[in-house]
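The values are calculated or read from the model by the stated rules, or taken from the named source; none is laboratory data. Keep in mind that what you see is a predicted model, and the values were worked out from it rather than measured. Cβ placement follows ideal geometry from the backbone for every residue including glycine, while neighbour counts extend to all protein chains displayed.
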């Protein structure tokens, strides 16, 4: 029985190239009918696949072939297309003994343009010299290096492992990904900042009532309070937090607990608003709070409060922007807004930006678009060659969202300088609409399938 939590791998190809034989080989039993007659498989078939230490759901599909719209063959092709949705990878199988056909070339072109998932070309039936010419032809497909394989005899599985391993997480390696929010799910919005920045006043203004105690004394708020609310028909969970002073100044035990509670609230937030006091400007403690939010992987917005009381507004705004760019160099483009918690000015814009920021923080970049970006980034600035040996970067995939987390696969990636990692992160932000978001990139070199 296939496990819906496992990554999905789809087997594609024209009829009678050995797809079902490969399916049976990977599931370890004869679940799919196999026959020399083309078109035996008509429906998608799923099973629990295993290749060395890789676990995945393997999907056998009907043979890809050109057909009239509405015909049985056409419906089979549509089933194959549907199987690709959400897949981690697809194995495009050709018959190496027969060599490339026009149908192979046609569907390879279709996969390059429309599949949207990583494609591994597999040259099946590679047992013996009769397959050598067909294997060489498979390079013409433009899908990368073909994997020579004999599904019937179990030859070439180590090569298939090497091609597939970068696309399948190792058991227990990656944290389970949080489910992406539904369009109508509440926005979990935390308000943080130094004491007396106006956090509770801002929330009271949003709610239209004195829901939270406010006053000129610092430290009135001690508990992190989540308040369900609705803005323009969209649900929001507003989270007020205690003011966060510099650690050296926090000596009262109760205040220590309050600050710890505020940090805990950030863990449960999706978007965090760092509220500044325009009359005080940006201080080092604000940068520490911002860095803490970003280290937790939360989306950050900076809001300058008491803007109606600010002197020399243009100079102040530009100064804060510059200080943020320098102090948060690891995350460029954090949104900076001006608001007045007292009058309500700018609060609608703040909420609009918060929803838009959550959407980008939760977005998954299509694999095809991600790798087009990756190839262009490598062309613009190739990785270095320490000691004259080239570092090979093969492929990138998005492992998680919230925050956007990517894995790059290749060889000798542990020798990449930190400056090149920063180049990739900054290029991701600039080119794929991820400005202002914390981004994580992990490097993974190839692994030995025969290792323990």
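Here's a check for you: in the range 244-283, which residue that is touching a helix residue (DSSP H, G or I) at 6+ places or on another chain (Cβ under 8 Å) and assigned to a helix (DSSP H, G or I) is modelled with the lowest pLDDT? Write out each step before concluding.
As a first pass, look at the range 244-283 and keep what is touching a helix residue (DSSP H, G or I) at 6+ places or on another chain (Cβ under 8 Å): 244-246, 250, 263, 266, 270-276, 278-279, 281-282.
Remaining after also requiring assigned to a helix (DSSP H, G or I): 263, 266.
Working: 263: 67, 266: 81.
Within the range 244-283, the match that is modelled with the lowest pLDDT is 263.
For the range 330-337, indicate whether the set of residues that are modelled with pLDDT of 85 or more and under 30 Å from residue 6 (Cβ atoms) is non-empty. Break it down into steps so the answer makes sense when it comes.
So in the range 330-337, the residues modelled with pLDDT of 85 or more come out as 331, 333-337.
In the following step, the residues that additionally are under 30 Å from residue 6 (Cβ atoms) were identified as none.
Within the range 330-337, not a single residue is modelled with pLDDT of 85 or more and under 30 Å from residue 6 (Cβ atoms).
What do you reckon, is residue 338 within 30 Å of residue 236 (Cβ to Cβ) and either buried (at least 16 other Cβ atoms within 10 Å of the Cβ) or within 22 Å of the chain's Cα centre (by Cα) (or both)? So that I can check it myself, show each step before the final result.
Numbers: within 30 Å of residue 236 (Cβ to Cβ): yes; either buried (at least 16 other Cβ atoms within 10 Å of the Cβ) or within 22 Å of the chain's Cα centre (by Cα) (or both): yes.
Taking the combined requirement at face value, the residue satisfies it.
Considering only the range 82-164, give the helices (runs of 4 or more DSSP H) lying wholly within it that have at least 3 residues that are assigned by TED's automatic domain parsing to the domain that holds residue 60, under 18 Å from residue 27 (Cα atoms) and at pLDDT 85 or above. Walk me through it before giving the result.
Values: elements: 102-114, 132-137, 157-164.
Helices (runs of 4 or more DSSP H) meeting the threshold: 157-164.
Tally the residues that are part of a helix (DSSP H, G or I) and in contact (Cβ under 8 Å) with a residue 60 or more places away in the chain, restricting the search to the range 323-347.
So the answer is 1.
For the list (1) outside the structural domain of residue 51 (by TED's automatic domain parsing); (2) modelled with pLDDT of 85 or more, I need the number of the one condition that residue 173 fails.
(2)
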